[in-house]
1. Taking interchain pairs and intrachain pairs at least six residues apart, which have beta carbon atoms under 7 angstrom, with the first residue in the range 119-136 and within 15 Å of Pro310 (Cβ to Cβ) and the second at pLDDT below 95 and open to solvent by 30 Å² or more (accessible area, probe 1.4 Å)?
2. Among the residues of the range 244-303, what is the count of those that are under 16 Å from Gly17 (Cα atoms), part of a loop (DSSP other than H, G, I, E, B) and not hydrophobic (A, V, I, L, M, F, W, C)?
3. Exactly one of these conditions fails for Leu131: (1) touching a helix residue (DSSP H, G or I) at 6+ places or on another chain (Cβ under 6 Å); (2) over 15 Å from Ala73 (Cβ atoms). Give me its number.
4. Looking at Leu128, Leu120, Leu95 in this structure, which one is under 19 Å from Ser193 (Cα atoms) and touching a strand residue (DSSP E or B) at 6+ places or on another chain (Cβ under 6 Å)?
5. Quick check on this structure: which one of Val357, Val363 is in a helix (DSSP H, G or I) and open to solvent by 20 Å² or more (accessible area, probe 1.4 Å)?
6. Can you list residue pairs whose Cβ atoms sit under 6 Å apart, with the first residue in the range 174-196 being touching a residue at least 40 places away in the same chain (Cβ under 8 Å) and the second being of a type in the set (Lys, Arg)? Count only pairs 6 or more apart in sequence or on different chains.
7. From the list Ser82, Ser45, exactly one residue is over 22 Å from the mean Cα position of the chain (by Cα), of a type in the set (S, T, N, Q) and either within 24 Å of Pro198 (Cα to Cα) or open to solvent by 50 Å² or more (accessible area, probe 1.4 Å) (or both). Which is it?
8. With Thr103, Thr69 as the choices, which residue is among the β-branched types (Val, Ile, Thr) and more than 20 Å from Tyr270 (Cα to Cα)?
Amino acid sequence: MNSPNNTRLQSIDALRGLVILIMLLDHVRETFYLHMQVSDPMDVSQTDPALFFSRTLAHLCAPVFVLLTGLAAFLYGAKHDSRSAVSSFLFKRGLFLVVLEVTLVNFAWTFQLPPTVIYLQVIWAIGLSMLALAALVWLPRWLLIGLGLVLVAGHNLLDVLHFTAEHWAYVPWTILHDRGWLEVGEQLRLRTSYPLLPWIGVIALGYAMGPWFTGSTSASKRQRWLLISALVALSAFVLLRVLNSYGEAPWAVQETTLRTVMSLLNITKYPPSLLFLALTLGVGLLLLRLFERIDSSRLITWLAVFGAAPMFFYLLHLYVLKLLYLASAGIWGTNQGQYFGFDSVWAIWLCTLILSVALYPPVRWFARLKARRRDIRWLKYL
């Protein structure tokens, strides 16, 4: 039986591992289902329900991962008993992730060298959020919580604010809140796929959650706080969705009950609306509580392996998917218009299952290497 502290860490790794596998599902979709693109939010009248719910499930990934990044930063600081240590680590790792996004990660998506387009996606958002948190860790906890809530709940008030490309505020606002394109030159464009402001709020709340996971907090008290926080978030989602008035495209009754449910769950990710974050973080907190309560199960142990080496898995699966796509297109040709792709959503799920089994051994090897060789300092960045 694990010690209480190890149990909590395993539940965190297991939740991270679960969202990593859900991310794999979504990236298989983005690789082998390019002929059936989805919008943000989705068109519920045109999107196949199986595709809609697969994409909606993937909404869990970024919010949960950013929240756990903040929580992990607090635990790192608690282990070193130093805010300066955690601030320094966040700053260095944040810069590392930003560089990784524009180099190895972007190349895995485009296979262009030199690139003509750089997509600033989730790793970029996590990296910049870590840079912001490196400064925010010096705030009192109550102020950090307040700031996190304001950014998460209040950023939709800024949805009406836009700038033209000629305006001085266009570049910072495109990075912070307004998803768009940045022209670097005639040969290079940047796409800010993950506007930053709400993600800073999420990572701040994850850091503020840290004291629940220290030795001074009992398991029952921690699980009670996780449950209360989850219920508050989910209640906020339900209330605001019923009111149908703030920060989200309105839902409407559709021709079938299933389509109406789809309309209710059709929420905006870029940037993540308050309703998007309330729903996904609420579910994530419930899962974290559940995983701690069933910590000894084989499922939790299996998931924790993926969660123990998240960046290694991220890079590995992107390159595996790209090579599989190029090989498939080379062997069978483009069978879906200009793309090679699967004919149905069930094939996406089957491919994800096969890849999760195939990628488990190398990820387990790297996780064990990272745990065994703590003298190799760069390993902790992966």
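The values are calculated or read from the model by the stated rules, or taken from the named source; none is laboratory data. This structure is a prediction, so every number in the text was calculated from the model and none was measured. No Cβ is skipped: glycine too gets one built from the backbone with ideal geometry, and neighbour counts run over all protein chains shown. Heads up: the accessible areas ignore ligands, DNA and RNA and are worked out on the full protein's heavy atoms, side chains in. Shrake-Rupley method; radii C 1.70, N 1.55, O 1.52, S 1.80 Å.
1. Taking only residues 6 or more apart or on different chains, the pairs are Met130/Arg93.
2. Summing the residues that are under 16 Å from Gly17 (Cα atoms), part of a loop (DSSP other than H, G, I, E, B) and not hydrophobic (A, V, I, L, M, F, W, C) in the range 244-303 gives 3.
3. The one condition Leu131 does not meet is (2).
4. Working: Leu128 fails: touching a strand residue (DSSP E or B) at 6+ places or on another chain (Cβ under 6 Å); Leu95 fails: touching a strand residue (DSSP E or B) at 6+ places or on another chain (Cβ under 6 Å).
Result of the check over Leu128, Leu120, Leu95: Leu120.
5. Val357
6. Close Cβ pairs satisfying both conditions: Thr192/Arg179; Pro195/Arg179.
7. Numbers: Ser82 fails: either within 24 Å of Pro198 (Cα to Cα) or open to solvent by 50 Å² or more (accessible area, probe 1.4 Å) (or both).
Answer to the check: Ser45.
8. From the options Thr103, Thr69, the qualifying one is Thr103.
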